[in-house]
1. Excluding same-chain pairs closer than 8 in sequence, count the lysine pairs in the range 8-167 whose Cα atoms lie under 21 Å apart.
2. What does the extension gain come out to for E365 and N188, with contour length at 0.36 nm per residue minus their alpha carbon separation?
3. Per residue of the range 331-336, what does 6.51 cos²θ - 1.76 cosθ + 1.60 with θ = phi - 60° give for ³J(HN,Hα)? Whole Hz please, x for Gly and Pro, Karplus curve as stated.
4. Apply 1/(1 + (r/R0)^6) to the Cβ-Cβ distance of A111 and E61, taking R0 = 22 Å, and write down the FRET efficiency to the nearest 0.05.
5. Could you line up D157, D127 from fewest to most neighbouring Cβ atoms inside 10 Å?
6. Across the range 182-385, what fraction of all alpha-carbon pairs, as a whole percent, falls in each successive 10 Å bin from zero upward?
7. ³J(HN,Hα) across the range 315-325 via Karplus (A = 6.51, B = -1.76, C = 1.60, θ = phi - 60°), whole Hz, x for Gly/Pro?
8. Could you pull out every residue, at least 5 positions away or on a different chain, whose amide H is within less than 5 Å of the one on L54? Hs are placed 1.01 Å off N in the peptide plane, and Pro or chain starts have none.
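Any read-out appearing in this document is the output of simple, stated calculations on the displayed coordinates, not a laboratory observation. Values in this document were obtained by computation on a predicted structure and should not be read as measured data. Here the Cβ positions follow ideal geometry from the backbone for every residue, glycine too, while neighbour counts run over all protein chains shown.
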Amino acid sequence: MTSTSAAHLTCLCGNISVPGALLESSKLPIQLKICHCNFCRHVTGSLGMAFPPLRASPSPETLAKLTGYKESEKSTLYFCPKCGCYGFISTYQKNWFCTAGIIEQSTSSKADAVSWPNNIIKVSCHDFILDTIDGGMTPFLLNLNGRTIPTWPAAVDKSPDAKYDLAHEDILSLPQKSLKDLALPGENDYLPAKCQCGGVTLLIKRGNYTSNSPIEFSTRSLPSDPTKHLTYICACRSCRLSTGASLTPWTLVPPSSVFNGNFAAPSPSNSSLPRDFSNNENLKPVTFGHGTSDPESNPGLSMKHNWSSPDTCRSFCGVCGATVSYWCAKRPLELDLATGLFRAEEGSLARNWLEWDWGRCSFEEECVDKEMLEAWRGCAEVMKAG
């Protein structure tokens, strides 16, 4: 096992820079639960998060560089205002945690040729599974290298005699149950996507990749079902250090199919948005990429933008820090949207709207959690069965 003193906690822009010695665990990998709750998904754009405990609070100098978002009296999270990375969370009990995705090998330990493990975390259990409605990513993470992973419908019961009480067969049945009696989206229907605070609310037009569609898209990103958008996982360092998650789910959508949900909201008294906006003349497309330099772009949205390179723009919520999108000039007609923000009736995987490319992962060589990556690569059978 590798000492956590060889680790470093950081974000994409480097605003977070904390030695691994702050981690409570002295060794890697760290045994941790994966949280699938609504809050974690909507505040990161990911589909599951792990939080290693810290020995103490990050320094005042570190916290002064970050933005705090107080979700409730129980907890406050801290994200980088430059790159949007979700870095730390504190509880009302004054316990501190970091996100597992910000942990990586320090430059000095690399120079000293210190051995580095294949995994930052070792999954110990799953909780808040029922928040996902459809089971989320849990079905392919139930058995890892011979370990049967305990599963909880809500918070983990920490009493000494507690046994996990959400049977694996019940989890595997959730996808089908979630789709039962739900009508498929119509041509003029929109999938809502919203961050935790609601400052970024988007409307994503149902897929229309037919031959007579005006949408321009590369063939590599075309789904087999023309009414759905293609979804995949990325394990690259940049995505990891932007979200705090080792595996980031992205959905490829034409920018012209993404609209400003805050601008289109019917009225303050009606918080629910209808799926059909065919007769709504107030729909305004969201601006991504170079157009975001216009201060008048995207009225009502609390989006901030990090140009991680001259041609790459990552957007996030400036209030709660949720990852929103990835745009690059090399493929300006393809936008990556953070799948964890989607609010589909059928659950977190939005199967009626998305075509999941099960097992597809970009930049596998950069993944810091190989155990979960291998489970994802071999997930097609169990996930398609749902």
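1. 16
2. Between E365 and N188, full extension yields 59.7 nm more.
3. 9, x, 9, 10, 10, 9
4. Efficiency computed from Cβ-Cβ geometry: 0.30.
5. Numbers: D157 13, D127 23.
Neighbour counts put them in this order, fewest first: D157, D127.
6. Distribution as computed: 8, 35, 39, 16, 2 percent.
7. My calculation for the range 315-325 gives 10, 8, 7, x, 9, 10, x, 4, 5, 10, 7 Hz in order.
8. Residues meeting the amide H criterion: E24, W96, F97, C98.
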